[in-house]
Structures are given as structure tokens and as C-alpha cells.
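Read the structure below first, then the notes.
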Amino acid sequence: MIRARFERTTPEIYRAELDSNVHSASLTDASVDVLRSYRIFKLGDTKILYSLSPDGEICGIVNNGSHKGGALPSVIPHALANGGKWLNCWSVNLALPDLYNRFRFKEYKRELFDAEAYGPPSRELLKSWRISGWSGPD
């Protein structure tokens, strides 16, 4: 776990970090104006950030720094202590659901990617899936 302190940050800084992340197509798409109603946190001088929606959703955990694999053990306890109650994630190769289960989240439901419901995946989303080791829906 990274030993640093979370501090509040701005929607502009957070949106820029989300947009520059290789997985940006699968992260929260909330605009800067919408994000003004969220509480947004940054971990010390790292590039690890996340937000909490007004209803307690833990959103857009992003790690653009060199501490790969170290974000969740720091983010999740902090988010829960600050009112985080739930989250959504893409189930690419079951990696994220398995990680979140380690933090005692209970899976509520699982949905397959449905191009009819979500629209065809963008090139950016396909790229994110491939980087994660998944070629996308059949």
C-alpha cells in the first residue's frame, strides 16, 4: 500500500487525468460541470485519483503514475471511510470484479457487453480491452 495522504482536487485536474489514461474510454465519462457535485481525491504527489458521486458511487479510479498495482489498497479504504458505498466496473477477463471482491464488495449483477444497449465499442474502448487482455465481445 502506498503511504501518502489523500487531498481534495479539482474537477479539471481529475478530468484531465481521466482523459490521459489509456483506459479512459472505460472510466467515468462525467463532464467537468457534473464532477463539480462529486468529491474528488488525489493521493499525495502520485497520479492516483478517484471520485465519489453524490449518491456514494466510487468512480473513475485512475492511476497514471508509476505505482502500478498499488492504487486499490489505498483508494478503497479511503473511499469507504468517506462515504463510498458501491461501484461499477467492466468485467474484462473478470479481473476487476475479482479485485473488488477482495475488498468485500458483493456483486449485485453481471451484464455482458451488449452493443445494442451500449452502442458499438469505440476504437478507444477496444484498445483498452486489448491492453487488458480481452478482445471484446464475440
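The values are calculated or read from the model by the stated rules, or taken from the named source; none is laboratory data. Because the structure is predicted, anything quoted here is derived from the model rather than measured. Note that we place each Cβ from the backbone using ideal geometry, even for glycine, and neighbour counts take in every protein chain shown. For the accessible areas, the whole protein counts, side chains as well, though only heavy atoms, and no ligand, DNA or RNA atoms are used. Shrake-Rupley method; radii C 1.70, N 1.55, O 1.52, S 1.80 Å.
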Revision key, fill the gap. Region 19-132: relative contact order from alpha carbon pairs under 8 Å, six or more residues apart, as a whole percent, is 25 percent
Review point. Which distance in nm do the two modelled labels at Leu99 and Arg39 give, with both placed 7 Å along the Cα-to-Cβ direction?
Key: 2.3 nm
Review point. Counting only residues 5 or more places away or on other chains, whose amide H sits under 5 Å from the amide H of Gly44 once H atoms are built in the peptide plane?
Key: Arg5, Phe6, Glu7
Check your understanding: Using a 1.4 Å probe, what is the accessible area per residue for the chain, in Å²?
Key -> 63 Å²
Review point. For region 12-99, with the dipole built from +1 on Lys and Arg beta-carbon atoms and -1 on Asp and Glu ones, taken about the Cα centre, which of Gly65, Pro77, Pro97 lies farthest toward the positive end?
Key: Pro77
Exercise for review: Sum -39500 (n - 2.57) across every DSSP H segment of at least 4 residues in the chain, then divide by the residue count to get the 222 nm mean residue ellipticity, nearest 500.
Suggested key: -8000 deg cm²/dmol
Study note, to complete from the structure: Charge tally for neighbours of Gly84 with beta carbon under 10 Å away, counting Lys, Arg as +1 and Asp, Glu as -1, is +1
Review point. Which percent, to the nearest 5, of DSSP beta bridges fully inside the chain are antiparallel?
Key: 90 percent
**Study point:** Computed FRET value (nearest 0.05) for Cys89 with Arg5, which takes r as the C-beta separation and R₀ as 22 Å
**Key:** 0.30
Study note, to complete from the structure: The percentage of the accessible area of the chain (probe 1.4 Å, all protein chains present) made up of carbon and sulfur atoms, to the nearest whole number, is 50 percent
**Study point:** Cβ crowding within 10 Å averaged over residues, with 21-31, 123-133, 52-62 ranked highest first
**Key:** 52-62, 21-31, 123-133
Practice item. Note down the magnitude of the dipole of the chain about its Cα centre, charges +1 on Lys and Arg C-beta and -1 on Asp and Glu C-beta and zero elsewhere, to the nearest 20 debye. Key: 600 debye
Check your understanding: Distances over 28 Å make up what percent of all Cα-Cα pairs in the chain?
Key -> 15 percent
Review point. Which FRET efficiency value, to the nearest 0.05, do you get for Asp29 and Lys109 by plugging their Cβ-Cβ distance into 1/(1 + (r/R0)^6) with R0 = 22 Å?
Key: 0.60
Check your understanding: Going from most exposed to least, what order do Tyr38, Tyr108 have by accessible area with a 1.4 Å probe?
Key -> Tyr108, Tyr38
Study note, to complete from the structure: So, over other residues within a Cβ distance under 13 Å of Arg15, counting Lys, Arg +1 and Asp, Glu -1, the net charge is -3
**Study point:** nm² value of the averaged projected area, convex hull over the Cα atoms of region 52-131
**Key:** 6.3 nm²
Review point. Residues with beta-carbon under 14 Å from that of Arg39, excluding Arg39: net charge, scoring Lys, Arg +1 and Asp, Glu -1?
Key: +1
Practice item. Pop out the ³J(HN,Hα) list for region 126-133 in order, Karplus 6.51 cos²θ - 1.76 cosθ + 1.60 with θ = phi - 60°, rounded to Hz; leave Gly and Pro as x. Key: 4, 4, 4, 4, 5, 4, 7, x
Check your understanding: What list of ³J(HN,Hα) couplings, whole Hz, do you get for region 7-17 from phi and the Karplus terms 6.51, -1.76, 1.60, once you set θ to phi - 60° and write x for glycine and proline?
Key -> 10, 5, 9, 8, x, 5, 5, 4, 4, 5, 5
